[in-house]
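A quick write-up on the structure given underneath.
The values are calculated or read from the model by the stated rules, or taken from the named source; none is laboratory data. If you're wondering where the values come from, they're calculated on a predicted model, not measured in any experiment. Cβ placement follows ideal geometry from the backbone for every residue including glycine, while neighbour counts extend to all protein chains displayed.
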Amino acid sequence: MTSIPVLTGRDVREAVSPAAAVDAVREAFIAHARGDWRMPSKVYVTNYPAGDFRAMPAIGGGHALLKWVTSFPGNPARGLPTVSGLVVVSDAEDGRLLALLDAGAVTALRTGAAAVLAAETLGRTDAETTAVVGAGVNGRAVVATFLARGRRVSVWDVDPDRARAAAGELGADIAPSLAAALAADLVVTVTPGHDVLLAEGSLRPGQHVSLMGADGPGKAEAAVRELRRARLFCDEWDQASHSGDIARGAESGEISRGDVTQLGDVLTGTAAGRQSGDDVTIFDSTGLAIQDLAIATAALARADELATQTLTL
């Protein structure tokens with residue numbers, strides 16, 4: 001009989017602060033870019049239009065991980081979370097099961113971290129205004145991460161009550177309109193990806209946008225022609241070219257591998273990021289298993305400090 005620690009969402013959030021999540025995810029991007037951490041692209045099991053299931057494996061730092069997670073955008077109307085699932089962590093050397101973690105909390109932390117890391121890496125150093133579009137669980141995580149990094153941020157949501165609740169809970173400002181939010185120097189979009197927010201010509205010189213919502217086939221938050229106007233970055237090309245905003249341009253031939261730089265390559269110094277104050281930079285995120293691995297291992301490092309539950313197998 002073996003007892004396995006089970007980290008609830010509350011445990012994960014207690015173990016890993018938003019600021020610590022940024023540091024952990026940065027190191028994961030670097031390790032992946034150097035080939036030290038590995039992962040295949042995520043596998044989708046779809047049940048559209050209701051939602052989808054995703055299987056996401058990764059290995060690195062002495063651990064192997066599998067995240068089984070869902071995305072059902074209509075769930076909040078049913079009183080259910082959009083994202084739910086389980087993260088399984090094993091010892092990479094002997095295969096022992098080490099822990100189970102709540103996938104929703106892991107996903108929120110790494111989404112916030114990746115969005116803010118990209119904004120800090122690719123945005124202008126003199127950026128003054130910051131906005132997050134979408135006040136769901138992951139949108140709130142982005143807001144919390146910006147605030148933890150000492151940056152004032154405004155939030156907008158299609159549901160004004162949800163935006164007000166998020167702003168009040170987190171200590172953020174409320175953007176007066178979608179147009180005002182999309183005009184910020186640093187913008188993060190965390191929507192279901194059903195509607196294009198950024199039409200051709202909508203971004204002005206110097207802006208940065210982290211597109212976090214279009215994380216599956218058929219989703220989009222920006223028009224392909226608007227993507228082509230910008231300096232394009234992604235979390236990982238193979239995955240983004242099949243399931244991100246970039247995917248539609250890749251499929252039509254309007255965007256090729258040479259048009260897109262992976263964020264990890266910028267962080268390791270092997271590729272250029274922003275090259276001028278007038279550059280429009282766009283980061284297309286599809287969510288990587290290495291990011292989940294970074295958050296999970298950071299949480300496990302503090303597991304002994306938590307009053308975790310256990311599962312006996």
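Details
- Of G269, G206, G201, all but one fail to be at positive phi, free of Cβ contacts under 8 Å to residues at least 24 places away in the same chain, small (G, A, S) and not assigned by TED's automatic domain parsing to the domain that holds R26; the exception is G269.
- Residue in the range 130-151 that is nearest to R10 (Cα to Cα), counting only those that are in contact with a strand residue (DSSP E or B) (Cβ under 7 Å, 6 or more places away or on another chain) and outside any helix (DSSP H, G or I): A135
- Some residue of the range 214-225 being modelled with pLDDT of 95 or more and part of a loop (DSSP other than H, G, I, E, B): yes
- Filtering A303, A298, A240 for residues that are over 19 Å from V190 (Cα atoms), modelled with pLDDT under 95 and either among the hydrophobic types (A, V, I, L, M, F, W, C) or under 15 Å from the mean Cα position of the chain (by Cα) (or both) leaves a single hit, A303.
- Residue within the range 42-50 that is touching a strand residue (DSSP E or B) at 6+ places or on another chain (Cβ under 6 Å), farther than 17 Å from D235 by Cβ and either outside any strand (DSSP E or B) or not assigned by TED's automatic domain parsing to the domain that holds D235 (or both) present: yes
- Output for the range 51-88, where each listed residue is among the small types (G, A, S) and assigned to a strand (DSSP E or B): G51, A55, A58, G60, A64, S71, G85
- Some residue of the range 158-165 being at negative phi, touching a Gly at 6+ places or on another chain (Cβ under 9 Å), in contact (Cβ under 8 Å) with a residue 12 or more places away in the chain and assigned to a strand (DSSP E or B): no
- Residue selected from the range 182-198 under the condition under 11 Å from E221 (Cβ atoms) and of a type in the set (A, V, I, L, M, F, W, C), by the criterion surrounded by the most Cβ atoms within 10 Å (Cβ to Cβ): V188
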